[in-house]
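Chemist: Submitted below is the structure of interest, expressed as structure tokens.
Values quoted throughout were computed directly from the atomic coordinates according to the rules given, and no laboratory measurement underlies them. Keep in mind it's a predicted model, so treat the numbers as computed, not measured. Heads up, the Cβs are rebuilt from the backbone with ideal geometry, glycines too, and the neighbour counts pull from every protein chain shown.
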Amino acid sequence: MASPDALDRRTRVAIAATSTMCGKGMCRKGAAAYRRDDQAPSDASEPPPESVANWMHGEFETWTGRCKSWTAAVEILLPIAAIAFGMTAFGIVFSIAHAG
């Protein structure tokens with residue numbers, strides 16, 4: 001069995017790694033958000049992007065056929081949410097098992 005110091009060290013390393021990856025993701029999103037329009041490649045043949053509201057009420061082409069955009073978004077996000085809830089449940093179970 002690991003000593004309490006080793007467990008604390010592993011916990012600190014896990015938190016540092018997670019924080020680093022989250023910070024890296026936020027920095028990339030922030031850099032993309034602040035990108036100036038004149039730095040973007042100019043392609044006059046490309047139509048302007050549509051709004052999110054229009055996209056959500058439209059249809060989306062998938063490899064199995066066309067479906068509503070809302071349905072496609074749910075089909076993408078539902079497994080990600082299930083994994084997040086599952087990992088949270090594992091964390092709670094391990095915390096209870098470690099404390100008891």
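Chemist: How many nm is it between the label spots at Trp63 and Val13, if each spot is 7 Å from the Cα in line with the beta carbon?
Modeler: So the label points at Trp63 and Val13 sit 3.7 nm apart.
Chemist: Right, another one. Could you give the length gained on full extension between Phe90 and Trp55, defined as 0.36 nm per residue of separation minus the Cα-Cα distance, in nm?
Modeler: The span from Phe90 to Trp55 would gain 9.0 nm if fully extended.
Chemist: Here is a follow-up. Pop the C-beta distance of Leu77 and Ala97 into the FRET formula with R0 = 41 Å and round what comes out to the nearest 0.05.
Modeler: Computed FRET efficiency for Leu77 and Ala97: 0.85.
Chemist: May I ask you to sort His57, His98 by Cβ crowding, counting other Cβ atoms within 10 Å and putting the fewest first?
Modeler: Ranked by crowding around the Cβ, least crowded first: His98, His57.
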